[in-house]
1. Only one of these conditions is not met by T232: (1) crowded, with 16+ Cβ neighbours inside 10 Å; (2) at pLDDT 95 or above; (3) farther than 21 Å from V307 by Cα. Which number is it?
2. Given the criteria over 27 Å from S45 (Cα atoms) and either at pLDDT below 95 or assigned by TED's automatic domain parsing to the domain that holds M60 (or both), does A168 qualify?
3. Would you say R64 is touching a residue at least 60 places away in the same chain (Cβ under 8 Å), near the ligand (Cβ under 10 Å from one of its atoms) and in the same structural domain as T401 (by TED's automatic domain parsing)?
4. Quick one: which residue in G348, G333, G326 is buried (at least 18 other Cβ atoms within 10 Å of the Cβ), more than 25 Å from V34 (Cα to Cα), at pLDDT 95 or above and touching a Ser or Thr at 6+ places or on another chain (Cβ under 7 Å)?
5. Exactly one of these conditions fails for A255: (1) in contact with a strand residue (DSSP E or B) (Cβ under 8 Å, 6 or more places away or on another chain); (2) assigned by TED's automatic domain parsing to the domain that holds T142. Give me its number.
6. Give me a count of the residues in the range 238-270 that are outside any loop (DSSP other than H, G, I, E, B) and touching a residue at least 60 places away in the same chain (Cβ under 8 Å).
7. Quick one: in the range 301-337, which of the residues that are under 32 Å from the mean Cα position of the chain (by Cα) and among the polar types (S, T, N, Q) is farthest from the ligand (Cβ to nearest atom)?
8. What number of residues within the range 367-412 satisfy the criterion of being among the aromatic types (F, W, Y), assigned to a helix (DSSP H, G or I) and closer than 22 Å to G270 by Cα?
Amino acid sequence: MRETDTDTDSLVTIVGGGVHGVHLAVRLLQADLVEPCELCIVDPSGLLESFRRTCRQCGMAEFRSPFVHNVAPDSFSLRDFAREHGRQDELCPTTVGAERPTVSLFFDHAEWICDRYDLESIRMDARVTTITDTGRNVEVDTTRDCITTRWCLLAVGHGRSFTYPEWATNLLSSNPVTHVWDPTFDPDAIGETASVGIVGGGITATQLATTVAQLPGRDVVLFARSPFRVETLEANTDWMHFSGVTEKLHAHPPASRAREELVTEVRYDGTIPPYVFRRLQRALEQGRIELERSEIAVATEAGGTVVTTCQDGSAYCFDDLICATGFGSPYDGELFRHLRQQSTLQTGYRGAPVLDDDTLRWMRQNGTPSRIAVSGVAAQQVLGPFARNVIGAKRAGTLITGFLESELDAEKQEVEL
Ligand SMILES: Cc1cc2nc3c(=O)[nH]c(=O)nc-3n(C[C@H](O)[C@H](O)[C@H](O)COP(=O)(O)OP(=O)(O)OC[C@H]3O[C@@H](n4cnc5c(N)ncnc54)[C@H](O)[C@@H]3O)c2cc1C
């Protein structure tokens, strides 16, 4: 243990072992800011498992972002990995920018990075229930033990917050209706000759519809009320550079309604990249998917099936009705809700954390920065529309390792004096 670490279980604890948690861990280890024994990742699902599951659940075959957006600090690490393993054919061409990796290439490379840094050995298999900033340390309560740590990095993604349409709320506990992000949804459990309704008009719904419709025995109806919008990425690429353009966000008060609205305005939510749109067009032309533009008004369970009536009066009966209607608010996940109610950390509009724009440290109610920093979608009011993406993890990694380096140096000098 280093001299700065006097009375804590770990120097840095990362909550969440997804893309963001893994990238942060690698950055800290690579920069020698922590020894492996001083670092802990708490995640009950396994490293990257939650993201792997969501990709599988929506039938995603390849990434929307280019290969340079990977979990390693070196942008070309994934391309080199593909070359060394003879897998260049898993880099998919695109009309703009660099090639995109297949899902299996992305995760095999990510797993290789996790193995290189032996991250599994520092993972605690537990869910964090609450976090308390005590001033000098942070107490992290988990379903197993309580960890005392000097610094805590929150990287919990959306934390199981997803949205259902109004008509589905009474049916949530019933089998035929589910959400694509529900951890229990298994696309492989859909019957070979099932009739399947899919609700949504963005990348997730269209990807899922084309995947489910691959089996010719199935009847697939896609409920997409608005015209499809095709965009290569989730926002203008200017936002990927995190300089200049993010000043537009920082001009407004932290965690404000103005910042939240600006992020919503510049994110191309509900859009489809060209390669997914082409697949959808083909499936529609071949009659493998039926498109329904009218919105579902009522859905009723009937003996293991669900009957839907649309606003234009048309009716359907489905064995499975899957909502691909998006994630909920990133500040409404279990942990964030708990922290909002229980802690002395500042929150703003709709519960957004008040973060320092230069370090992503969560501000205390007394105006000082806490020992907790945030990476991922919950940092979008600082980093903009790509905060949740792999490139957002890289930016958060730069800001967080930047401030930690000087803080750890200062703490070390304090001990030496
Ligand atoms: C289908 C899909 C495709 C995407 N494609 C791309 C793409 O092509 N390019 C791109 O750049 N981005 C893409 N993204 C966006 C983004 O990269 C992913 O959402 C990514 O998973 C975000 O990583 P994360 O670590 O923030 O969250 P997650 O991957 O959700 O990881 C969060 C982790 O935190 C853990 N956790 C949650 N709560 C707790 C708790 N209380 N205690 C302990 N652990 C907890 C979870 O178990 C999970 O493992 C995509 C997203 C989705 C859903």
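The values are calculated or read from the model by the stated rules, or taken from the named source; none is laboratory data. Since the structure is predicted, the reported quantities are computational estimates derived from the model, not experimental observations. All Cβ positions, glycine included, derive from the backbone under ideal geometry; neighbour counts span all protein chains shown.
1. Result: T232 fails condition (2) only.
2. Yes: the conditions hold for A168.
3. Yes, satisfied.
4. Every option except G348 fails the conditions.
5. (2)
6. 9
7. T305
8. 0
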